[in-house]
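A.B. asks: Pasting in a structure now, in structure tokens, and then I'll have a few things to ask.
The values are calculated or read from the model by the stated rules, or taken from the named source; none is laboratory data. Given the structure is predicted, the values throughout are model-derived calculations rather than measurements. Heads up, the Cβs are rebuilt from the backbone with ideal geometry, glycines too, and the neighbour counts pull from every protein chain shown.
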Amino acid sequence: MQLGFLVDLHLCMGCKGCEIACKVENEVPLSTWRLRVKYVDVGTFPETKRTFTPLRCNHCENAPCVRICPVSALHYLENGIVNIDKERCIGCAGCVMACPYGAIYIDPQTQTADKCTYCAHRVASSMMPSCVVACPVQANIFGDLDDPTSNISKYIQKNQSNVQVRKPEKGTNPHHFYVNGGNVSLNPLASKRVEGFSLFNNITTLPVGGSH
Amino acid sequence: MAAHEILAATNAVVTLDAALPGIVWPWLVTINMWAKSIGTGVIFMLFLLIRTHPDQVKGLRFPTTVVALIFIHIFLLFTLADLHQPFRMWHIFFYPHLSSAITIGAWMATIFVGLLFLLAFVSFIKKDDALFDKILTWVVILAIPVTLYTAALMSQCTARELWQMPTESAQMVFAALLAGSAFMILLGGNKLNYEAKKTLGVVLGLSALMSFTLYMSEYIFGPMKAEEVAFILEYIKGDGPYTVMFWLGQWITYLLPMLLIVLSRASKSENLLKLAALLALVGLWLVKHVWLTIPQLLPMS
């Protein structure tokens with residue numbers, strides 16, 4: 001079994017329900033996110049549109065974070081999930097530096113690395129990840145990539161000409177796919193970050209782990 | 001930030017997103033690299049002097065070992081200080097993950113410290129120079145991977161495209177040679193004659209030249225090989241936030257010391273050589289800090 005995620009960006013309407021469900025389910029502290037939805041506005045008025053992109057850990061098959069972790073706090077589960085043992089983590093932040101997707105953060109309460117685990121604790125109890133349950137339009141599709149009859153496999157099969165992963169050139173083989181994604185939604189260098197436009201205004205960065 | 005081809009076409013602007021993490025590896029890591037360069041560099045230089053000017057190093061074996069011990073401990077202290085859970089450092093030894101350069105580096109550095117203490121014992125208590133020189137050979141061999149492992153660690157940071165193993169390895173070795181020769185010029189004092197210092201000056205000048213060449217190669221040719229590198233280097237170009245610090249570092253660490261070394265050879269001035277050494281040591285911190293920081297400014301997602 002190799003669990004994977006797929007987001008149909010054509011369906012996502014940016015409600016951030018997944019973001020909130022994740023926060024609540026995993027008690028993610030303030031100023032940190034396991035899953036977030038990024039809004040990118042494209043075009044020039046009046047020809048404009050807004051794209052919504054949920055971003056989370058990609059649970060790579062060849063995960064740089066697992067490779068760099070000096071104490072195996074980051075490790076693979078048998079179902080393909082990249083999990084983290086917070087009791088073992090020494091907080092070196094090597095994983096934060098290695099992840100090409102910016103998906104790992106230092107938890108300001110425990111001072112250890114943390115990230116999306118595809119709700120491994122829920123999956124172990126045969127439940128879907130909380131973000132999947134919360135999505136009102138079923139844009140999040142979760143399942144076994146090894147099973148050709150699973151919803152995710154069928155979705156990938158059906159949309160095979162339009163399935164993408166983020167930064168494929170990194171060779172990480174993500175287990176997280178996007179349908180109807182474009183360069184603007186998946187490539188962080190294809191959009192500008194202008195201070196004052198964001199809901200967070202001038203807060204464009206925050207201290208890592210709430211300290212140094 | 002340079003205008004991206006796609007930006008012009010789409011006018012894509014991030015309008016709502018979470019705040020991004022700031023600098024992950026801060027100045028503490030810069031001191032880590034700087035101190036390690038000195039700690040291993042002086043060992044390389046002691047080895048060189050024993051072979052080229054054996055009569056000059058009689059009183060330098062123990063002081064050099066002490067300097068190496070001090071700076072390796074500074075390196076270890078700042079490594080520990082940078083951990084968010086420093087009291088769990090022992091996990092590296094009891095739950096080691098051997099694919100990580102951090103693990104391998106921690107083990108090698110520990111053995112290196114043990115061997116340095118052995119050198120200190122042999123030179124200060126036993127006063128046996130022959131035995132010291134035998135052990136030193138093995139310490140020098142170990143000092144090479146201890147110097148290089150940070151390059152491996154940086155290359156494992158796949159998110160930071162700027163850091164590539166071949167270039168960073170060379171930069172680490174040149175930094176150790178530069179810092180080691182500079183520190184030995186200052187440490188040598190009256191114990192080293194001008195000829196020995198001239199040899200150290202050659203090492204300092206050549207390592208500065210090679211390092212500067214590598215930085216300029218990245219500066220000019222880096223943007224041609226990867227989009228991320230092009231974006232990162234914009235932070236040290238034009239009115240980028242790190243342009244001044246980058247060029248200040250290049251001048252203080254490489255260009256001015258090279259010039260001063262040439263002048264000192266022409267005028268046989270030890271003071272100019274000492275000034276070059278001092279500038280190189282101070283500037284190395286700046287150079288390392290800029291190169292450590294700029295890839296961390298790029299948004300990853």
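A.B. asks: Scan segment A:36-80 residue by residue and report those that are surrounded by fewer than 22 Cβ atoms within 10 Å (Cβ to Cβ), part of a loop (DSSP other than H, G, I, E, B) and away from chain B (no Cβ under 11 Å).
C.D. replies: Those that are surrounded by fewer than 22 Cβ atoms within 10 Å (Cβ to Cβ), part of a loop (DSSP other than H, G, I, E, B) and away from chain B (no Cβ under 11 Å): A:Pro46, A:Glu61, A:Leu77, A:Glu78, A:Asn79, A:Gly80.
A.B. asks: Here is a follow-up. Taking the residues in segment A:102-118 that are crowded, with 24+ Cβ neighbours inside 10 Å and farther than 22 Å from B:Val29 by Cβ as candidates, determine which candidate is farthest from the other protein chains (Cβ to nearest Cβ).
C.D. replies: Once the filter is applied, the top-ranked residue is A:Tyr118.
A.B. asks: In this structure, is A:Asp144 among the acidic types (Asp, Glu), touching a Ser or Thr at 6+ places or on another chain (Cβ under 6 Å) and at pLDDT 95 or above?
C.D. replies: Spelling it out, A:Asp144 is indeed among the acidic types (Asp, Glu), touching a Ser or Thr at 6+ places or on another chain (Cβ under 6 Å) and at pLDDT 95 or above.
A.B. asks: How many residues are surrounded by fewer than 19 Cβ atoms within 10 Å (Cβ to Cβ) and under 21 Å from A:Val37 (Cα atoms) if we restrict to segment A:166-193?
C.D. replies: The total comes to 8.
A.B. asks: Being assigned to a helix (DSSP H, G or I) and either out of contact with any helix residue (DSSP H, G or I) (no Cβ under 9 Å at 6 or more places or on another chain) or away from chain A (no Cβ under 14 Å) (or both) is the filter here; which residues of segment B:222-245 pass it?
C.D. replies: Within segment B:222-245, B:Gly222, B:Met224, B:Lys225, B:Ile236, B:Thr243, B:Val244, B:Met245 qualify.
A.B. asks: Take the residues in segment A:20-35 that are surrounded by 22 or more Cβ atoms within 10 Å (Cβ to Cβ) and touching a Leu at 6+ places or on another chain (Cβ under 8 Å), then tell me which one is nearest to the other protein chains (Cβ to nearest Cβ).
C.D. replies: By that ranking, first place goes to A:Leu35.
A.B. asks: Kindly check whether there is at least one residue in segment B:26-40 that is farther than 18 Å from B:Val290 by Cα and without any contact (Cβ under 8 Å) to a residue 12 or more places away in the chain.
C.D. replies: Within segment B:26-40, none of the residues are farther than 18 Å from B:Val290 by Cα and without any contact (Cβ under 8 Å) to a residue 12 or more places away in the chain.
A.B. asks: Next up: With (1) at pLDDT 95 or above; (2) surrounded by fewer than 19 Cβ atoms within 10 Å (Cβ to Cβ); (3) within 24 Å of B:Lys198 (Cα to Cα); (4) in contact with a helix residue (DSSP H, G or I) (Cβ under 7 Å, 6 or more places away or on another chain) as the list, and B:Ile43 as the residue in question, which single condition is left unmet?
C.D. replies: (2)
A.B. asks: Of all the residues that make up segment B:116-143, how many are free of Cβ contacts under 8 Å to residues at least 40 places away in the same chain, touching a Phe, Trp or Tyr at 6+ places or on another chain (Cβ under 9 Å) and either of a type in the set (Ser, Thr, Tyr) or buried (at least 16 other Cβ atoms within 10 Å of the Cβ) (or both)?
C.D. replies: Residues flagged as free of Cβ contacts under 8 Å to residues at least 40 places away in the same chain, touching a Phe, Trp or Tyr at 6+ places or on another chain (Cβ under 9 Å) and either of a type in the set (Ser, Thr, Tyr) or buried (at least 16 other Cβ atoms within 10 Å of the Cβ) (or both) within segment B:116-143 amount to 2.
A.B. asks: When residues of segment A:153-181 are filtered for being assigned to a helix (DSSP H, G or I), of a type in the set (A, V, I, L, M, F, W, C) and touching an Asp or Glu at 6+ places or on another chain (Cβ under 7 Å), how many remain?
C.D. replies: 0
A.B. asks: Just to be sure, is B:Trp163 part of a loop (DSSP other than H, G, I, E, B) and within 14 Å of chain A (Cβ to nearest Cβ)?
C.D. replies: Here the answer is yes, as B:Trp163 does meet what is asked.
A.B. asks: Can you tell me which of B:Ile220, B:Ile236, B:Ile252, B:Ile185 is in contact (Cβ under 8 Å) with a residue 12 or more places away in the chain and either within 30 Å of A:Pro168 (Cα to Cα) or touching a strand residue (DSSP E or B) at 6+ places or on another chain (Cβ under 9 Å) (or both)?
C.D. replies: Sole residue among the options that is in contact (Cβ under 8 Å) with a residue 12 or more places away in the chain and either within 30 Å of A:Pro168 (Cα to Cα) or touching a strand residue (DSSP E or B) at 6+ places or on another chain (Cβ under 9 Å) (or both): B:Ile236.
A.B. asks: Which pairs turn up if I take residues in segment A:1-28 that are under 10 Å from A:Asn140 (Cβ atoms) and look for partners that are part of a helix (DSSP H, G or I) and aromatic (Phe, Trp, Tyr) with beta carbon separation below 7 Å, at least 6 apart in sequence or on another chain?
C.D. replies: A:Leu6/A:Tyr155
A.B. asks: Looking for whichever is part of a helix (DSSP H, G or I) and not aliphatic (A, V, I, L, M) here; the options are B:Thr64, B:Thr15. Which one fits?
C.D. replies: Exactly one residue qualifies, and that residue is B:Thr64.
A.B. asks: Taking segment B:207-216 as the search range and keeping residues that are touching a Ser or Thr at 6+ places or on another chain (Cβ under 8 Å) and not hydrophobic (A, V, I, L, M, F, W, C), which one is farthest from B:Thr167 (Cα to Cα)?
C.D. replies: Per the stated criteria, the residue is B:Ser207.
A.B. asks: From the list B:Lys58, B:Lys36, pick out the single residue that is more than 9 Å from chain A (Cβ to nearest Cβ), among the basic types (Lys, Arg) and under 19 Å from B:Ala143 (Cβ atoms).
C.D. replies: Of the residues listed, the single one that is more than 9 Å from chain A (Cβ to nearest Cβ), among the basic types (Lys, Arg) and under 19 Å from B:Ala143 (Cβ atoms) is B:Lys36.
A.B. asks: Which residues, counting only those in segment A:48-66, are under 20 Å from A:Gly4 (Cα atoms) and either of a type in the set (D, E, K, R) or modelled with pLDDT under 95 (or both)?
C.D. replies: Within segment A:48-66, A:Arg56, A:Glu61 meet the criteria.
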